[in-house]
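To start, the structure itself, in structure tokens.
The values are calculated or read from the model by the stated rules, or taken from the named source; none is laboratory data. Just so it is clear, the model here is predicted, and its values are computed rather than measured. Note: ideal-geometry Cβ built from the backbone for every residue, glycine included; neighbour counts use all protein chains shown. Surface areas here come from the heavy atoms of the whole protein model, side chains and all, with no ligands, DNA or RNA. Shrake-Rupley method; radii C 1.70, N 1.55, O 1.52, S 1.80 Å.
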Amino acid sequence: EYSAAGLNRQATRFDMVAILDKAIPAGRMTAERAVPDGAIPDLDEGDAYGEAVYRWYRAGIVTGDQSGRFNGASSIPRAETAVILCQINQLV
């Protein structure tokens, strides 16, 4: 749930994963890559958002920055969100 004030702020990468993870059918999120717990330098699978983020890495939808970091608290630009939506729909 988001407050009215929360709807006026920029979405973070954590927000994007939390919202889209609930909207994407499980069949679209099948693991294509092995990403062991601890492989994402700034997030463990047991952390808040960790399970969903690791699922997205394993599905090959997100890969992180050059160092593999997710940077979940940073805002996500519309262009990156558009690429993610295209990858989910197998358009790229």
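Screening VAL53 against (1) farther than 25 Å from ASN8 by Cα; (2) in contact with a helix residue (DSSP H, G or I) (Cβ under 7 Å, 6 or more places away or on another chain) leaves a single unmet condition, (1). Screening the chain for helices (runs of 4 or more DSSP H) wholly inside it with 3 or more residues that are free of Cβ contacts under 8 Å to residues at least 60 places away in the same chain and open to solvent by less than 60 Å² (accessible area, probe 1.4 Å) returns the ranges 13-23, 50-58.
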